[in-house]
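A quick write-up on the structure given underneath.
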Amino acid sequence: MSYAEEHLRETIRVVEKLDAAVLEKMAELLAAVRTRGGRLFILGVGGSAANASHAVNDFRKIAGFEAYAPTDNVSELTARTNDEGWQSVFVEWLRGSRLTDKDAVLVFSVGGGSLEKNVSPNLVSALQFAKQTGAAILGIVGRDGGYTAQVADACAIIPTVNPANVTPHSEAFQAVVWHLLVSHPTLKIAQTKWESTK
């Protein structure tokens with residue numbers, strides 16, 4: 001079997017193992033955030049940061065959210081990293097955005113953050129603050145989900161079907177899940193271009 005065939009078979013297995021009930025719960029929680037006038041803050045690092053930027057567009061344009069990703073503001077991100085350190089960049093950004101209990105934080109991450117392993121401590125700090133403020137917490141994460149899965153109100157954990165491919169499947173399926181969410185009848189309010197073109 002070629003690598004391409006193997007990777008595609010792994011992708012099929014990931015789809016088969018995704019928890020549809022969790023995805024429905026995420027859609028319900030997000031609909032409640034939008035109904036109460038809350039904002040959506042999407043956090044991610046590396047490839048997940050790029051996904052966060054794309055998802056912000058989709059949640060704003062297709063699902064009518066006021067949505068933001070702190071990594072889209074390179075000037076503030078680098079200033080905070082330089083002046084205060086990487087661990088606090090997201091929590092201070094959320095604090096400056098006046099996060100409230102009407103809002104939601106959505107984490108895109110392979111590992112979900114772990115203070116013990118010193119992996120993505122910036123996500124952990126941000127989620128600790130989100131818990132204190134009462135904001136809804138959602139995640140799309142890989143492996144066991146780390147800290148995000150422990151504290152989230154709803155968290156899609158991308159199943160590990162091959163330990164050597166945790167990162168590519170996790171980051172690829174962040175896109176699958178957020179596209180599912182913005183296409184969900186509970187959330188979608190605007191027609192996408194190609195579906196409206198005859």
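Going down the list Lys17/Lys188; Lys17/Lys193; Lys61/Lys188, which pairs span over 21 Å between their C-alpha atoms?
Going by Cα-Cα distance, Lys17/Lys188; Lys17/Lys193 fall outside the 21 Å limit.
I'd like to check one number: the per residue accessible area of the stretch 26-112, probe 1.4 Å, reported in Å² as a whole number.
For the stretch 26-112, the per-residue accessible area is 42 Å².
Mind checking the dipole of the chain: about its Cα centre, +1 per Lys or Arg Cβ, -1 per Asp or Glu Cβ, Debye to the nearest 20?
My answer is approximately 520 debye.
Could you work out, for the stretch 1-120, what percent of all Cα-Cα pairs fall into each 10 Å distance bin, beginning at 0 Å and stopping at the bin that holds the largest distance?
In whole percents, the pair-distance histogram is 12, 34, 34, 16, 4, 0.
How far apart, in nanometres, would the label points at Thr35 and His7 be if each is projected 7 angstrom from Cα along the Cα-to-Cβ direction?
Using points 7 Å along Cα→Cβ, the separation is 4.2 nm.
How much net charge surrounds Ile157 when only other residues with a Cβ under 10 Å from its Cβ are counted (Lys, Arg +1; Asp, Glu -1)?
0
Determine, from the Cβ-Cβ distance of Lys117 and Glu84 and an R0 of 25 Å, the FRET efficiency 1/(1 + (r/R0)^6), rounded to the nearest 0.05.
Efficiency for this residue pair is about 0.70.
Can you tell me, using C-alpha contacts under 8 Å and at least 6 residues apart, the relative contact order of the chain as a whole percent?
Relative contact order here is 25 percent.
Helix-derived [θ] at 222 nm for the chain: sum -39500 (n - 2.57) over DSSP H runs of at least 4, divide by residue count, nearest 500?
Per the formula, -16500 deg cm²/dmol.
For the chain, which whole-number percentage of the solvent-accessible area (1.4 Å probe, protein heavy atoms only) is attributable to carbon and sulfur atoms?
Solvent-exposed carbon and sulfur of the chain make up 53 percent of the total.
Which lysines have a Cα lying under 24 Å from the Cα of Lys117, excluding residues fewer than 8 positions away in the same chain?
List returned: Lys131.
Alpha carbons only, please: Rg and Dmax for the stretch 1-53, in angstrom.
Radius of gyration, then largest Cα-Cα span, for the stretch 1-53: 16.2, 51 Å.
Please give the solvent-accessible surface of Phe41 in Å², to the nearest 10, using a probe radius of 1.4 Å with every protein chain present.
Per-residue accessible area (Phe41): approximately 0 Å².
Cα extents of the stretch 70-179 along the three principal axes, largest first, in whole Å?
39, 30, 29
Largest first and in whole Å, give the semi-axes of the stretch 46-112's equivalent ellipsoid, each being the square root of 5 times a Cα gyration tensor eigenvalue.
Value: 20, 15, 12 Å, ordered largest first.
The values are calculated or read from the model by the stated rules, or taken from the named source; none is laboratory data. What you see is a predicted model, and the numbers here were worked out from it, not measured in a lab. Backbone-built Cβ (ideal geometry, glycine too); neighbour counts: all protein chains shown. SASA here: full protein model, heavy atoms, side chains in, ligands and nucleic acids out. Shrake-Rupley method; radii C 1.70, N 1.55, O 1.52, S 1.80 Å.
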